[in-house]
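The values are calculated or read from the model by the stated rules, or taken from the named source; none is laboratory data. What you are looking at is a predicted structure, and each value in this text was computed from that prediction instead of being measured. Neighbour counts are summed over all protein chains in view; Cβ atoms, including those assigned to glycine, are modelled from backbone coordinates with ideal geometry. Surface accessibility is based on the protein's heavy atoms, side chains included, excluding ligands, DNA and RNA. Shrake-Rupley method; radii C 1.70, N 1.55, O 1.52, S 1.80 Å.
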2 protein chains.
Amino acid sequence: MSGADAGPLFDRLLIVGLGLIGSSLARRAVADPAIAREVVAWDASPSVRARVAELGIVHRVASGAAEAARGADCVVLCVPVGAMAAAAEALLPHMAPGSILTDVGSTKQSVIRGIVPLLPPGVSFVPAHPLAGTEHSGPDSGFPTLFEGRWALLTPLEDGDAAAAGRVARLWQACGAMTREMDAAHHDRVLAIVSHLPHLLAFTICGTADDLQDESRSEVLQFAATGFRDFTRIAASDPTMWRDVFLNNRDALLEMLARFTEDAQAMARAIRWGDEAFIVDRIVRGRGIRQSLIEIKQA
Amino acid sequence: MSGADAGPLFDRLLIVGLGLIGSSLARRAVADPAIAREVVAWDASPSVRARVAELGIVHRVASGAAEAARGADCVVLCVPVGAMAAAAEALLPHMAPGSILTDVGSTKQSVIRGIVPLLPPGVSFVPAHPLAGTEHSGPDSGFPTLFEGRWALLTPLEDGDAAAAGRVARLWQACGAMTREMDAAHHDRVLAIVSHLPHLLAFTICGTADDLQDESRSEVLQFAATGFRDFTRIAASDPTMWRDVFLNNRDALLEMLARFTEDAQAMARAIRWGDEAFIVDRIVRGRGIRQSLIEIKQA
């Protein structure tokens, strides 16, 4: 690639929604002049806008959605997936032909369904999803290295603009991420098992523990170190974001949960009837998955 | 307590089973002369005995179970809970009156049921459970600080020897642990939710992922970072140990799994029908549990 001397990737990068992901992208983009000449922030929440200005993590906080969109050649939607279409609707009428709209949502089919009907001619939409996060949220929680060594998945539209997809890929690569393209439906299935179902299980076991009688509940907290604690870390994530993810990846998530429930019931039956071989086989397979992760250095 | 000048807590401490817990206890005990004058190891596996001798983590590896038991004033069983009774049966006939038998098993009622009928007069049994561990196993995986700042739960027999229980408590305190006494049945219920159920769920989701079509499976590994990875860490534990835990805490574990499954089904129903308030309530409760852990410094 010989574009390094051709100036920044974008002239004006607009980041919409300054939570963990948006504020991390902002911090990274302002630190790297190769990404954009100007990094602008817009958030529907006045208190988030005020905080972002206070933090000084962008070149400028926009004064309104229309103004924000007008001069941006790339707009990155970093809002919960349930708010993507509304955010796009407020911005798209003001975006110039040739500009790019992209997003960071954890579900891709629902975001595509919501945004594609709104697209004016000349604006390219590139659905994307950086696989990065922590259990923290809000503009204070971001940091510029969040995407380093992580995957950013792109699920370009079938009739989408390949050049626009390439520029979005370069944006995430500039943030330190590895990029890959895949089909949106496939993305949603893979994410259902690697991310959405684990979060659902983690939220659920916390609720189950919370329902125990008061005495046991306090001991659950006291003795959380052996297993339970790891679940609570996952369960500390943002409620609105996760509500939206669950509702927007419903079919894939419910299918994975159904498979999981069948498997858990099979394990329960093996425990009830003392089927040692079945139990050991399941445990050994769990270890095998862990070993594979260590081998591909993702552990 | 004024016993510090009165010599070590035990004369000869015998550790039976040199896995993660046994070898960590051995390493700690040889490093602290206040714990025992001599630390002896016994393991049913010749290769483990050879490795322990090679590692030099005890004063001496016994040449047989009977010889090992004969001069020990404290015997700590660190074998999988399904092997506790057999280990006790081999050792108890050789233990001297006044000596103490204790264990580290993750289930307490089943261990008590197995060992109490075998007890000769004069030998005190103190069921115990240090809540510590990693996903590694075997004599190489232990380290002397494993128990520091962790809980060691004692579930003394109703008619048990309080002085013996006090000495076992001091053993774990000397390893850096905090001790607490509780009823064995209560222990098993609390551990079912904080440890046994999380492990069952982690093993199960790894199996569910392992059953996916080949293409998805490789992507599950590739993109494990967002949630799934934390489950695989839990699922890397020792198969024999966990098989035994599941089978030996069957009733409490199946009850917690049944509660969990009801809660997961309620979540599935809320997702299917778009019940946003229910979903958010569950997520907020998960965060609440996490927040409580942070407040009591167990996070």
Partner lysines whose C-alpha sits under 27 Å from that of A:K108, ignoring same-chain residues fewer than 8 away, are A:K297
Whole-percent carbon and sulfur share, accessible surface of chain B, 1.4 Å: 51
Kirkwood hydrodynamic radius of the protein assembly as shown from all distinct Cα pairs, in Å? 26.3
Which percent of Cα pairs goes in each bin when the distances of the stretch A:23-121 are cut into 5 angstrom slices starting at zero? 2, 13, 23, 25, 21, 12, 3, 0
Number of partner chain Cβ atoms within 10 Å, mean per residue of B:238-247: 5
Which of B:F231, B:F143, B:F278 ends up with the largest GNM mean-square fluctuation for chain B, with Cα atoms connected below 10 Å? B:F278
How many percent of DSSP beta bridges within the stretch B:3-182 run antiparallel, rounded to 5? 10
What does the structure give for A:91-99 when I average, per residue, the other chain Cβ atoms found within 10 Å of the residue Cβ? 0
Cβ under 15 Å from B:G17's Cβ, B:G17 left aside: what net charge do those residues give with Lys, Arg +1 and Asp, Glu -1? -3
Beyond 20 Å, how much of the Cα-Cα pair distribution for the stretch B:103-243 remains, as a whole percent? 57
Taking GluC sites (Glu not before Pro) as candidate sites, keep only those in a DSSP loop with at most 13 other Cβ atoms within 10 Å, then name the longest stretch of chain A containing none of them. A:1-147
Could you please put A:R113, B:R233, B:R27, B:R37 in sequence from largest to smallest accessible area, using a 1.4 Å probe? A:R113, B:R37, B:R233, B:R27
If you look at just the Cα atoms of chain A, how large are its Rg and its Dmax in Å? 21.3, 69
Quick one: putting +1 on the C-beta of Lys and Arg, -1 on the C-beta of Asp and Glu, what dipole do you get for the protein assembly as shown around its Cα centre, in Debye to the nearest 20? 660
Taking the Cα centre of chain B as origin, sum charge times position over the Cβ atoms of Lys and Arg (+1) and Asp and Glu (-1), and report the length of that vector in debye to the nearest 20. 380
Which value results when the Cα radius of gyration for the stretch A:23-77 is divided by 2.2 N^0.38 Å? 1.05
Which of the three applies to the stretch B:186-295, rounded, prolate or oblate, going by the alpha-carbon gyration tensor with a ≥ b ≥ c and a/c under 1.5 meaning rounded? oblate
Hey, if you put +1 on the Cβ of every Lys and Arg and -1 on every Asp and Glu Cβ in the protein assembly as shown, which of A:A50, A:G288, A:P8 ends up farthest toward the positive end of that dipole? A:P8
Buried area at the B-A interface (accessible, heavy atoms, 1.4 Å probe, summed, Å²): 8700
For chain A, calculate the relative contact order in percent as a whole number, restricting contacts to Cα pairs under 8 Å that are 6 or more residues apart. 16
Accessible area, probe 1.4 Å, largest first, for residues B:R167, B:R250: B:R250, B:R167
Let me check I've understood the local charge: for B:A62, count other residues with C-beta under 12 angstrom from its C-beta, Lys and Arg +1, Asp and Glu -1. What total comes out? +1
Placing +1 at every Lys and Arg Cβ and -1 at every Asp and Glu Cβ, with all other atoms neutral, what dipole size does the stretch A:113-203 have around its Cα centre, in debye to the nearest 20? 80
Within 10 Å of each Cβ in A:28-37, how many Cβ atoms from other chains are there, averaged over the peptide? 0
At 1.4 Å probe size, with every protein chain present, just tell me what the per residue accessible area of chain B comes to in Å². 38
Using the alpha-carbon centroid of each, what span in Å lies between the stretch A:13-49 and the stretch B:33-57? 59
Once you list every other residue whose beta carbon is under 11 Å from the beta carbon of B:R37, what net charge do they have if Lys and Arg are +1 and Asp and Glu are -1? -2
For the stretch A:269-299 versus the stretch A:199-247, the gap between their alpha-carbon centres in whole angstrom: 23
Using only the heavy atoms of the protein chains and a 1.4 Å probe, how would A:D159, B:D211 rank by accessible area, largest first? A:D159, B:D211
To the nearest Å, what is the center-to-center distance of the stretch A:67-81 and the stretch A:127-174, using C-alpha atoms only? 14
Using a Gaussian network model of chain A whose springs link C-alpha atoms within less than 10 Å, name the residue from A:V48, A:V280, A:V116 with the highest mean-square fluctuation. A:V280
When the charge dipole of chain B is computed with +1 on Lys and Arg Cβ and -1 on Asp and Glu Cβ about the Cα centre, the Cα farthest towards its positive end, among B:T145, B:A192, B:S106, belongs to B:T145
